[in-house]
Structures are given as structure tokens and as C-alpha cells.
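Heads up, the thing below is written out as C-alpha cells.
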Amino acid sequence: MNESPTLAIDAKAKALKAAGENIIGFGAGEPDFPTPEHIVAAAADAVRHEPYHRYTPGAGLPALRAAIAEKTRRDSGFEVEPSQVVVTNGGKHALFNAFLTIVDEGDDVLLPAPYWVSYPEMITLAGGRTVPIPTTQDTGFRVSIEQLDAALTERTKALVFVSPSNPTGAVYPPGEVEAIGRWAADHDLWVITDEIYEHLVYGDARFTSLPVAVPEITDRCIVVNGVAKTYAMTGWRVGWLIAPPDVVTSVISLQSHATSNVANVSQAAALAAVSGDLTAVAKMREAFDRRRQTMTKMLNEIDGITCYEPEGAFYCFPSVEGLYGRDVGGRTIESATDFAETILAEVKVAVVPGEGFGAPGYVRLSYALSDDDLVEGVGRIADLLNR
């Protein structure tokens, strides 16, 4: 396994900043807002709640599992029982649990690319084989049924479906979500659908939960979600998966040996988050929408860079292939990695090269940072390339 390139870039940027460098970091997918106050207050109260000083059920606090089931019904229309919910140490842990539970040695897992950097590593650890299905900005970074048909073999076990997407910001229209869900159901495949960015959609785009669009896939569908992105709670480490009863039983067994319960104070905070209204979320989304438009416009004004306007999440994923062969800062740009290394060295701006996302020629920039830093950072890139 390789280290997560997004975390590696973020760590490098933070180390340079700590050393006194004026770094603008577009690397990590982390909201720059503080966790809403009512959530922090719930955690502060929980610290003094003596039962939380002890072990609690490995699958999660009963009240939190029930609240997640209700939140899921409220936000996506997916009706589930609390017994179908397992609380995990972040969404990443939920995904690990899902792959380790359903993927056997030699199974193929279809993964539309560009993809989040950790999916292939998780699939490999579970003994499976990742089958990337490439997309580009020309197709809106969305996979087609024809591509899925071409990738299907007798070894295919599961499909990973993500909308809104990290790293591209692509959002599948409802009709395409339904078509993909029906295709998976027709071929008796498992679907692992990552809904972590469900509330971060913009313009005319609409989030559609795959098992709601295609109820017949429910018995072979695992939904992953968490509080990190929606509620600015990346450091609290609370996620969950929703799955059929047999999968839940296996995941609980696995988690009982791996981690036991998620930290109780974090679970109390998550309970306050999912039980509360979405007022703070709406304010964050408004800021992200503004930054999305600003970043897309600025990037597209740079000669050699083209940027698809994202419809969800908080990332731009521009192509830098138009810069190939250009001399910048004394080096010739031949790859996205060359570009990322050059702008970090020359103008102290950190981005993540697309190679880690299965998309050579692209880079990822998060717009989950202040408006001023966003304009400053993209401006530095523009000034460098216009010299």
C-alpha cells in the first residue's frame, strides 16, 4: 500500500507553513469552518457523562444509530432501521469495513475514474482487484452503461458509485443514477455508494440516493456516509455504513475485533449534528458555491488549463495537459506531478496531482479554504504561468 497522496501533500504543506513559508494549501478535503457551536457544546457535556467513560456497544450508541436512520430518511428518503446502521471511525473506516466484508480473494470491483485515492488500496487489502473505468471532463466525469457492460466479467463482484464525486465534483442526474442502479441489480452485483457529500450540491444539480432510485438493489447495497464534510467535523472521526442485516452482522463482528466502539464524546457530537437542523450547513454550502464559481473562472482564464465546473463536493479538477512541453521555473512540464512539484517550489501553492486519482493530466484543488487564500493561491499559479 502507498500513503494517501492527499494527506501526504497536506502534511508537506503544513510542515512548510510551520517552517515559516507562506504556503497556500489546496490539498486536503477539509472545510475551513469551525464545527457548529451546538455540536461542540454537546461534546463538552458528554465529557462529564460518566457512562461515556466506559465501553459502549461496538456498533454505536443506540441513540446515534436511531438518529442516523431518521436523518437518512429525512435527507435522502431511504427508509432503514437503526439495526442496519453501524457507526465507524470516520467514513474511511466504514468503507474499509464494507470492502473487507463483501470482497473475496480474486473478486473484481468496478471503480469509475477519477476516483478518491483510498478506494483502490482498500480493495487491494480486501483481496480484490480494482477495475478502473476511465472518464474525462468531456463526459462530465460520468460513467456510461456501455462502459460498465464492457468492464463486466464473471469475476465482477461490486461497483463503487460516488455522487457527488471526490475528486471531480461530478453529480449524476437522477435518470443516470437509476439506470446504473438497475444495471447493477440486473447483474446481481453489490453496490457500495459513498454519500459523504450529499448536502454539497450546487446550481441545478440534485443529489439522488441510489437505493432510493432503485429499491430492488437494497439487499445488495451498502451506503457510506459521515459527519466530516457536511458538519465541518473531519477531526471528530465519525462515519457510518447502512447495509442489509447479514452484512451488518459481519461488520459488527469485524469491528468488535478491530476497534470496538467509536469514541463516545465524538458519538455524542455526531448525535447533535445529525439530529439538528441544516442551517449551518446551508451557510457553508453558500460559501462553497461562491468559491466554486470563483475558482473555476480563474482556472479557465489560465492559458493551458481547462476546468470542468464542478456540481458538488468542494473540489475543482482541472486538466493541465495543455501545459505539457512548457518550460516553467526552469523545468519542463511533462505530467501533473511535474506541475504540482513546480508550483509548490516556485510559488508555494500545494495541489494534488491526478495520478493518485487514476487521472493523469489532471490536478485536484480544494476550494474549502478562505476566499482570500483561494484568490491568492490561484493568482500565484496564473502569475507563474504568465511570466
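Side notes on the structure shown:
- Fewest-first sequence of 33, 99 by Cβ atoms within 10 Å of each Cβ: 33, 99
- Near residue 113, the amide H atoms lying under 5 Å from its own belong to 133, 135; only residues 5 or more places off or on other chains count, and H is placed 1.01 Å from N.
- Long pairs among 12/297; 71/283; 157/297; 12/229, criterion Cα-Cα beyond 30 Å: 157/297
- Charged neighbours of residue 118, selected by a Cβ distance under 12 Å, balance to -2 (K, R count +1; D, E count -1).
- Relative contact order (percent, whole number), region 54-275, Cα cutoff 8 Å, 6+ residue spacing: 29 percent
- Shown in residue order for region 328-337 are the 3J(HN,Hα) couplings computed by the Karplus curve 6.51 cos²θ - 1.76 cosθ + 1.60 at θ = phi - 60°: 9, x, x, 10, 8, 7, 10, 7, 5, 5 Hz (x for Gly and Pro).
- Backbone amide hydrogens, once placed in the peptide plane, bring residue 364 within less than 5 Å of 352, 354, excluding anything fewer than 5 places away on its chain.
- Rounded to 10°, Cα long-axis angle of helix 279-300 versus longest principal axis of the chain: 30 degrees
- Computed 3J(HN,Hα) for region 163-170, one whole-Hz value per residue from the Karplus formula 6.51 cos²θ - 1.76 cosθ + 1.60 where θ = phi - 60°, is 7, x, 9, 9, x, 8, x, 5, glycine and proline marked x.
- Each residue in 371, 108 was given a count of other beta-carbon atoms within 10 angstrom of its own, and listing them fewest first yields 371, 108.
- Sum of side-chain charges, residue 68 neighbourhood, beta-carbon under 14 Å (Lys, Arg +1; Asp, Glu -1): -2
- Between the entries (i) 5, 25, 34, 22, 10, 3, 0; (ii) 5, 17, 19, 15, 12, 9, 9, 8, 5, 2, 0; (iii) 5, 23, 32, 26, 12, 2, 0, the label attached to P(r) over Cα pairs in 10 Å bins from 0, in percent calculated for this structure is (iii).
- Per-residue [θ]222 nm for the chain (sum of -39500 (n - 2.57) over DSSP H runs n ≥ 4, rounded to 500): -13000 deg cm²/dmol
- Relative contact order (%) - the chain, alpha-carbon pairs under 8 angstrom, separation at least six: 23 percent
- In the chain, the longest principal axis of the Cα atoms and the axis of helix 62-76 are about 60 degrees apart.
- The angle between the Cα long axis of helix 245-258 and the main principal axis of the chain comes to about 70°, on a 0 to 90 degree scale.
- Efficiency of FRET between residue 253 and residue 105 - r from beta-carbon atoms, R0 25 angstrom, step 0.05: 0.85
- The distance between label points at residue 81 and residue 2 comes to 4.3 nm (points 7 Å beyond Cα on the Cα→Cβ vector).
- Sorted by Cβ density within 10 Å, fewest first, the residues 74, 292, 54, 220: 54, 74, 220, 292
- Exposed loop sites here are GluC sites (Glu not before Pro) assigned a DSSP state other than H, G, I, E or B and surrounded by at most 10 other beta carbons within 10 Å; excluding them, the longest clear run of the chain is 155-387.
- The 3J(HN,Hα) values that the Karplus relation (6.51, -1.76, 1.60; θ = phi - 60°) gives for region 379-386 are, in residue order, x, 4, 4, 4, 4, 5, 6, 9 Hz. Gly and Pro appear as x.
- Cβ-based net charge around residue 311, under 10 Å, with every Lys or Arg adding one and every Asp or Glu removing one: 0
Every number here is computed from the coordinates shown, using simple stated rules; none is lab data. All values derive from a computational prediction rather than experimental measurement. Here Cβ is always computed from backbone atoms with ideal geometry, including for glycine, and neighbour counts include all displayed protein chains.
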